[in-house]
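Since the structure comes first, as structure tokens, the remarks are kept for the end.
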Amino acid sequence: MKQPIFTDEQLGIRFKNGDAEAVTLIYERYKSGLFLFCVRLLSDHAAAEDVVQETFVKMIAERTHLKNPGSLKSWMYIIARNEAFTQLHRKKGIRELNENDENIFQSDPPLTEFESRERAVILEKMLDQLLPQYKEVLMLREYESMTYDEIAVVTGTTVSAVKSRLFKARKALMERLEPLQKASAL
């Protein structure tokens with residue numbers, strides 16, 4: 001027999017009320033998206049698996065803190081984001097974000113890689129080099145199709161900060177890709 005399809009709000013209500021089946025349905029619906037978000041942010045499959053697992057453990061333990069069952073997805077991503085940043089702080093001590101800082105990459109431009117890799121591989125590498133605060137907004141927008149409002153909720157920032165970070169990240173990526181585009185035009 002086929003499972004009925006529930007909205008996020010319906011699942012959120014059932015989950016908040018302690019329905020074990022709702023936990024299973026939420027897990028099945030969102031585990032892949034959460035994992036992809038975490039693996040892209042952390043650049044580490046094992047760490048991403050740990051974060052996803054910890055996210056669901058925390059969700060269950062704190063289910064009564066879900067104020068708006070319709071915002072279940074955002075609430076999950078907030079928990080996953082916080083867990084991922086905790087991992088990043090432990091692993092490599094990411095620096096605090098200065099919104100006025102023009103340098104949003106963690107490393108030097110990968111110009112030598114442009115010669116030997118295809119664009120998709122280079123772009124993935126460049127995404128990994130973005131500071132996590134820029135990488136997360138780009139991934140939430142491009143890979144998770146979240147609205148600016150949803151991203152602001154997940155990241156705990158304002159819509160204008162989200163738009164600013166997206167603009168800076170996209171601009172920086174295009175600037176880094178420009179030498180590759182010029183070289184391939186020759």
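Structure values in brief
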| item | result |
| --- | --- |
| In the stretch 11-38, the residues that are touching a residue at least 40 places away in the same chain (Cβ under 8 Å) and more than 27 Å from residue 138 (Cα to Cα) | 11, 13, 15, 16, 18 |
| Scan of the stretch 41-65 for residues that are free of Cβ contacts under 8 Å to residues at least 60 places away in the same chain, buried (at least 17 other Cβ atoms within 10 Å of the Cβ) and hydrophobic (A, V, I, L, M, F, W, C), ordered by number | 42, 47, 48, 51, 52, 56, 59 |
| In the stretch 1-40, the residues that are surrounded by 13 or more Cβ atoms within 10 Å (Cβ to Cβ), within 24 Å of residue 82 (Cα to Cα) and among the acidic types (Asp, Glu) | 8, 9 |
| Failed item in (1) part of a loop (DSSP other than H, G, I, E, B); (2) closer than 26 Å to residue 86 by Cα; (3) at pLDDT below 85, with residue 125 passing the rest | (1) |
| Complete set of residues in the stretch 125-158 that are more than 12 Å from the chain's Cα centre (by Cα) and β-branched (Val, Ile, Thr) | 147, 153, 157, 158 |
| Wholly enclosed helices (runs of 4 or more DSSP H) of the stretch 1-66 bearing at least 2 residues of a type in the set (D, E, K, R) and under 19 Å from the mean Cα position of the chain (by Cα) | 20-42, 45-61 |
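The values are calculated or read from the model by the stated rules, or taken from the named source; none is laboratory data. Please read these numbers as outputs of a predicted model, since none were measured by experiment. As a convention, Cβ positions derive from the backbone with ideal geometry for all residues, glycine included, and neighbour counts pool all protein chains shown.
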